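Have a look at the structure below before the remarks.
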Amino acid sequence: LMREGRYEEAFSLYRSLVEEHPAEDSFLLHLAWAYHDGGRLPEAMACFERLLERELRQDIFTGFAYDELVRIYKAEGLYERLISVCEKAVAAQPEDAGYLGDLLEASIKAGLLEKAVQCCLRMIEIDPAEADFYCRLGNVLILKGDWSGGEDAYKKAAEMDISAAGAIYYKLSESY
């Protein structure tokens with residue numbers, strides 16, 4: 001049905017499967033993709049949000065629904081929802097700097113620069129030897145108008161990774 005563009009029929013079939021097998025995530029995932037491909041983005045987001053809630057309750061966080069929601073929310077400019085989803089992932093995986101990086105980017109897009117600084121500081125706590133985290137902190141500080149703090153963060157990154165100092169200072173110039 002999907003290949004033939006018969007979306008309404010596909011929606012109906014997948015909704016029936018979801019109702020008959022509520023614990024089966026694959027049917028809900030197929031329904032989400034059917035809605036997405038059929039141009040019904042609000043319904044697709046609702047399905048992915050339901051899947052995310054299920055993922056968050058599992059011992060192992062797969063992040064599949066999370067990844068889709070992040071992609072959709074970025075594309076649609078839904079930054080409040082993006083931040084909410086990122087915060088949920090960070091709460092579920094507090095030692096994963098990747099999820100903090102997503103929250104950092106979302107915070108910048110939403111103009112929440114103090115939240116972005118806090119994300120950078122937490123990332124540095126998680127891995128203080130990662131020079132890129134200091135570059136990210138430098139970017140945010142420069143966005144906030146703290147030129148000296150931004151330069152200091154980039155300088156720290158360059159000191160940590162001497163072989164990449166040229167590229168790091170180039171990033172600083174791009175931030176300016």
query = Any idea what the relative contact order of the chain is, in percent, if you count C-alpha pairs under 8 Å spaced at least 6 apart?
reply = 10 percent
task = Between Lys155 and Thr62, take the C-beta separation as r, use R0 = 45 Å, and let me know the FRET efficiency to the nearest 0.05.
result = 0.70
key: Cβ-based net charge around Phe27, under 14 Å, with every Lys or Arg adding one and every Asp or Glu removing one   = -1
remark   = Summing -39500 (n - 2.57) over every DSSP H run of at least 4 in the chain, dividing by its residue total and rounding to the nearest 500, the 222 nm mean residue ellipticity is -25000 deg cm²/dmol
Label-point separation in nm, Leu17 to Ala164, each point 7 Å along Cα→Cβ = 4.3 nm
query = What is the dipole size for the chain, taken about its Cα centre, with +1 at each Lys and Arg Cβ and -1 at each Asp and Glu Cβ, in debye to the nearest 20?
reply = 420 debye
key: Across Lys74/Lys156; Lys74/Lys155; Lys74/Lys144; Lys144/Lys171; Lys88/Lys155, pairs whose alpha-carbon gap is larger than 24 Å   = Lys74/Lys156; Lys74/Lys155; Lys88/Lys155
key: In Hz, Karplus ³J(HN,Hα) per residue of the stretch 155-172 (6.51, -1.76, 1.60; θ = phi - 60°; x = Gly, Pro)   = 4, 4, 4, 5, 5, 6, 10, 4, 5, 10, 4, x, 5, 5, 5, 5, 4, 4
remark   = Between Ser26 and Leu113, the FRET efficiency computed from the C-beta separation at R0 = 45 Å comes out, to the nearest 0.05, as 0.65
message = So if each residue of separation counts as 0.36 nm, and I subtract the Cα-Cα distance between Trp147 and Glu80, what length gain in nm does that give?
response = 21.4 nm
query = Toward the positive end of the charge dipole of the chain, about the Cα centre and with charges on Cβ (Lys, Arg +1; Asp, Glu -1), which of Cys120, Ala34, Ser107 goes farthest?
reply = Ser107
remark   = Log entry: pair-distance distribution for the chain, C-alpha pairs binned every 5 Å from zero, whole % per bin is 1, 9, 15, 15, 15, 12, 9, 8, 6, 5, 3, 1, 0
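Given N residues in the stretch 1-60, what is its alpha carbon radius of gyration divided by 2.2 N^0.38 Å?
Scaled against compact globular proteins, the figure is 1.12.
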Hz values of 3J(HN,Hα) by residue in the stretch 46-53 - Karplus curve (6.51, -1.76, 1.60), Gly and Pro given as x = 4, 5, 4, 5, 5, 5, 4, 4
request  = Report the full-extension gain for the segment Glu4 to Ser173: residue separation times 0.36 nm, less the Cα-Cα distance, to one decimal in nm.
outcome  = 55.7 nm
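Only the coordinates and a few stated rules stand behind these numbers; no lab work does. The structure presented is a predicted model; accordingly, all values stated were derived computationally and were not measured. No Cβ is skipped: glycine too gets one built from the backbone with ideal geometry, and neighbour counts run over all protein chains shown.
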